[in-house]
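Worksheet: one structure, shown below.
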Amino acid sequence: MTRQVTLRPETKNDFSEVFEVNRAAFGRDDEAKLVDALRNNPKAFIPELSIVATENDKVVGHILFTRIDIEDDAGNLHEILALAPMAVRPEFQNSGIGGRLIEKGLAAAKASGYRSVIVLGHEHYYPKFGFEPAGKWNIKAPFDVPANVFMAIELVEDGLKNISGTVIYPKEFETV
């Protein structure tokens, strides 16, 4: 069955439904609370990169891209984006909504002038969208994580050229 799903930037009226989507998708409140916390961080939050998928005006999916930094060995900071979290209501999963959210989000990020994105995610899912192990660019996570699930994508050619180091997530991520 083909679903009639609309993708658009999140509005304030969506906040409670986005919370419920994340709670349902992850089976806990942590990611939902993370989204709420990130909205209150003007350095990290980019309203047009918080995108919802709706069906019949009901939010069924959500993706969030926030600003993060990569600190190189010399202490220089390079601003890029993190994709986290991405959630689809369980009854809508495996219908292509997540993929549409990723594609729409990456296109919106590129249109907003961002050059690259980091994701901590499923090793077999995100590569379908062009993500590769971040180690390819000598980019490291700030915590122990298998190299094959910590990935990056260049939104433009050489989007990560001359960028390496350790990702610095906003403090809100420490709660997850």
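General remarks:
- Hits in segment 112-133 - residues which are outside any loop (DSSP other than H, G, I, E, B), surrounded by 15 or more Cβ atoms within 10 Å (Cβ to Cβ) and in contact (Cβ under 8 Å) with a residue 24 or more places away in the chain: S116, V117, I118, V119, L120, Y126, P127, F129
- Filtering K140, K104, K110 for residues that are at pLDDT 95 or above and under 23 Å from V60 (Cβ atoms) leaves a single hit, K104.
- Selection of segment 14-72 for residues being in a strand (DSSP E or B), among the small types (G, A, S) and surrounded by fewer than 16 Cβ atoms within 10 Å (Cβ to Cβ) yields an empty set.
- Checking every residue in segment 73-90 against the condition of being closer than 20 Å to I153 by Cβ, assigned to a loop (DSSP other than H, G, I, E, B) and not charged (D, E, K, R) gives zero matches.
- Test: residue in segment 93-111 that is assigned to a loop (DSSP other than H, G, I, E, B), among the charged types (D, E, K, R) and surrounded by 15 or more Cβ atoms within 10 Å (Cβ to Cβ): no
- So N148, is it farther than 26 Å from S16 by Cβ, free of Cβ contacts under 8 Å to residues at least 40 places away in the same chain and of a type outside the set (S, T, Y): yes
- Counting the residues of segment 3-13 that are in contact with a helix residue (DSSP H, G or I) (Cβ under 8 Å, 6 or more places away or on another chain) and in a helix (DSSP H, G or I) gives 0.
The values are calculated or read from the model by the stated rules, or taken from the named source; none is laboratory data. Quantities reported herein were computed from a predicted structural model and do not represent experimental measurements. Here the Cβ is made from the backbone with ideal geometry for all residues, glycine too, and neighbour counts use every protein chain on show.
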